[in-house]
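Below is one structure; the comments refer to it alone.
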Amino acid sequence: MPNTIANVILIIWPLAVVYLINRYRVGKGSLLSLLLAYMFLPAHMSIDLPILPPLDKFTITTITILFFLLLKKVPIGIGLLPLKYKIVFAVLLVSPFITAVTNTEPYLFLRPLSLYDGLTNSIVSFLYFLPFFIGLKYFRDTEAHEKLIAYFALAAFVYSFFALYEIRMSPQLHQQIYGYFPHSWVQQKRSGGFRAIVFMGHGLLVAMFLAIGVGFWTLLKKNNQKIFRYSLNFGLLICLITLILMKSLGALLMGTLLLLSIYFLKPTQQILLSVIIAIVFITYPFTSATGLFPHEDLYELAATYSEERAGSLKYRFDNEEILLNHANEKPLFGWGGWARSRVFDPETGKDISVTDGYWIIILGKYGWVGFLSTFLFMILPIWTSFRNQKLLRGQDMSVQRSVAAHTLILSIILIDQLPNSSLIDNGLYWLLAGSLLGRLNELDKNRGSTIKNTEIE
């Protein structure tokens, strides 16, 4: 149970957010607010108030940013979206209402949905997407983009020391400071040691955060963009060693892919790889349902490394299958919330499903309409980067590297939503998506044309 410190810090956090925005302005202040909230505020805890969605560390942060912008009459950034993507965003906000309307009947022992549920879910969707528009508007130019990269790299570097402490001493900081353990203790034990959770709630989230940090540190080294007096190798090495010690094979593979690709591949090759990864993701529900995805091959490959990991992978695949079959019973707008998208034993009422991947959570809750309208905002910047390679080739090499590496990092975040759910309730990564689109938009604006009219020769 959360202690007094946990409750107090959530209650006073809006004051810290207002201070950061006033001190560092909207863009940098919002970025710092989201970073610090993700890194240090209590995980899996929320305050429930009438009408408003559950107030956790991300909704509190985004609501505070939103009210600040409204009171100061500062533009949010939605107006910078092309018309067709404004329509997609409108669909994203409206679809929870249609989900509610199409789920007015009970499901087993679970209650039906109401328009109130639709309203709440629509508000939550807007709040989690608000950082996308912050990134779109306030991290467009070269200086802001460089600061975004540097701040994220520094955050991963700092967090590495907290993670190293817990890897050695066991994941106990959250329990000691906030009075409760935010997840299963067993899941944080690996290979005779521990994964760190620090204040993110799960070791996989920390590992993914560090993998992204490895990517940004590699970019800094490639561009020789120094951010403190130590060698860039020091920051990269600390993050990489910590990532290895986290004992998360998936995150380690992603971090290694980022390191090798950013350091050795050309920007155009990185962008092409990003598009391929995005295509694998967006088609995965179809290829998985039709048996085209090589589940068995991946299982056998994992078995050569570890029988335990292979068993875990097969368990995920088996759960995906039953959840996907359930989701396909309401394919367009999904089952909605209150665990209706999960699978229960009709006789015992026991939950017989495990939802690990964010993709199946969204597909089950909001159907294909919700799935596409949500993840198109991750794919849009990647596709825009690919469509505008001619534009990028006219930029300085450091700009080309930064955009290409950012694109690849975004694709890695996207593919992580297949086995995991690092995007759930996480406005920080949506800010990264919006900032890449804003950067591409600004480069195109400086050339004197619009992104949508740019074509590859």
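The values are calculated or read from the model by the stated rules, or taken from the named source; none is laboratory data. All values derive from a computational prediction rather than experimental measurement. Positions of Cβ are generated from backbone atoms using ideal geometry, with glycine treated the same way; all protein chains shown enter the neighbour counts. When the accessible area is computed, the model is the full protein with side chains, heavy atoms only, and any ligands, DNA or RNA have been set aside. Shrake-Rupley method; radii C 1.70, N 1.55, O 1.52, S 1.80 Å.
Hey, among the residues in segment 202-244 that are open to solvent by 10 Å² or more (accessible area, probe 1.4 Å) and polar (S, T, N, Q), which one's farthest from the chain's Cα centre (by Cα)?
Out of the qualifying residues, it is Ser231.
Can we say Ser353 is closer than 30 Å to Gly434 by Cα, open to solvent by less than 40 Å² (accessible area, probe 1.4 Å), touching a residue at least 24 places away in the same chain (Cβ under 8 Å) and polar (S, T, N, Q)?
no
Name the pairs: first residue in segment 397-411 and among the charged types (D, E, K, R), second residue in a helix (DSSP H, G or I) and open to solvent by less than 10 Å² (accessible area, probe 1.4 Å), Cβ to Cβ under 8 Å, at least 6 apart or on different chains?
Listed pairs, sorted by first residue: Arg401/Leu219; Arg401/Ile262.
Show me the helices (runs of 4 or more DSSP H) found entirely inside segment 266-329 where at least 1 residues are touching a residue at least 60 places away in the same chain (Cβ under 8 Å) and either surrounded by fewer than 13 Cβ atoms within 10 Å (Cβ to Cβ) or within 22 Å of the chain's Cα centre (by Cα) (or both).
267-289, 307-327
Pick out the one residue from Phe161, Phe157, Phe126, Phe152 that is open to solvent by less than 10 Å² (accessible area, probe 1.4 Å) and closer than 30 Å to Gly213 by Cα.
Phe152
Pairs under 9 Å by beta carbon, first residue farther than 28 Å from Met45 by Cα in segment 58-85, partner of a type in the set (Gly, Ala, Ser) and in a helix (DSSP H, G or I), six or more apart or different chains?
Gly77/Gly135; Gly77/Gly434; Gly77/Gly438; Leu80/Gly438
Within segment 428-449, is even one residue surrounded by fewer than 21 Cβ atoms within 10 Å (Cβ to Cβ), touching a helix residue (DSSP H, G or I) at 6+ places or on another chain (Cβ under 8 Å) and not hydrophobic (A, V, I, L, M, F, W, C)?
For segment 428-449, residues surrounded by fewer than 21 Cβ atoms within 10 Å (Cβ to Cβ), touching a helix residue (DSSP H, G or I) at 6+ places or on another chain (Cβ under 8 Å) and not hydrophobic (A, V, I, L, M, F, W, C): present.
Please give the number of the condition Gly179 fails out of (1) under 28 Å from Asn3 (Cα atoms); (2) without any contact (Cβ under 8 Å) to a residue 40 or more places away in the chain; (3) in contact with a helix residue (DSSP H, G or I) (Cβ under 9 Å, 6 or more places away or on another chain); (4) not hydrophobic (A, V, I, L, M, F, W, C).
So Gly179 meets the others, but not (2).
Table: residues versus (1) under 20 Å from Trp368 (Cβ atoms); (2) in contact with a Gly (Cβ under 6 Å, 6 or more places away or on another chain).
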position: Ser306; (1), (2): no, no
position: Leu313; (1), (2): no, no
position: Glu329; (1), (2): yes, no
position: Phe333; (1), (2): yes, yes
position: Arg340; (1), (2): yes, no
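Residue by residue, here is whether (1) modelled with pLDDT under 80; (2) touching a helix residue (DSSP H, G or I) at 6+ places or on another chain (Cβ under 8 Å); (3) among the small types (Gly, Ala, Ser) holds:
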position	(1), (2), (3)
Pro285	no, yes, no
Ala289	no, yes, yes
Leu292	no, yes, no
Tyr305	yes, yes, no
Ala310	yes, yes, yes
Phe317	no, yes, no
Glu320	no, yes, no
Ala327	no, yes, yes
Gly334	no, yes, yes
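Evaluate the following for Asn441: is it closer than 23 Å to Lys222 by Cβ, of a type outside the set (A, V, I, L, M, F, W, C) and more than 20 Å from the chain's Cα centre (by Cα)?
no
Please specify each residue of segment 225-262 satisfying the condition of being under 28 Å from Ser170 (Cβ atoms) and not in a helix (DSSP H, G or I).
Correct list: Met246, Lys247, Ser248.
Go through segment 403-425 and count every residue that is assigned to a helix (DSSP H, G or I) and either on the phi > 0 side of the Ramachandran plot or open to solvent by 10 Å² or more (accessible area, probe 1.4 Å) (or both).
Number satisfying all stated conditions: 1.
Find the residue count for segment 341-369, including only residues that are assigned to a helix (DSSP H, G or I) and in contact with a His (Cβ under 6 Å, 6 or more places away or on another chain).
Of the residues in that region, 0 qualify.
For the subset of segment 248-262 comprising residues that are open to solvent by 50 Å² or more (accessible area, probe 1.4 Å) and in contact with a Leu (Cβ under 9 Å, 6 or more places away or on another chain), which member is nearest to Arg387 (Cα to Cα)?
Of everything passing the filter in segment 248-262, Leu257 is nearest to Arg387 (Cα to Cα).
It is to be established whether one or more residues within segment 358-371 are under 23 Å from Tyr85 (Cα atoms), open to solvent by 50 Å² or more (accessible area, probe 1.4 Å) and among the hydrophobic types (A, V, I, L, M, F, W, C).
Scanning segment 358-371 turns up at least one residue that is under 23 Å from Tyr85 (Cα atoms), open to solvent by 50 Å² or more (accessible area, probe 1.4 Å) and among the hydrophobic types (A, V, I, L, M, F, W, C).
Has segment 381-396 got at least one residue that is part of a helix (DSSP H, G or I), open to solvent by less than 30 Å² (accessible area, probe 1.4 Å) and either closer than 26 Å to Gly118 by Cβ or acidic (Asp, Glu) (or both)?
Checked against the condition, which is being part of a helix (DSSP H, G or I), open to solvent by less than 30 Å² (accessible area, probe 1.4 Å) and either closer than 26 Å to Gly118 by Cβ or acidic (Asp, Glu) (or both), segment 381-396 yields no hits at all.
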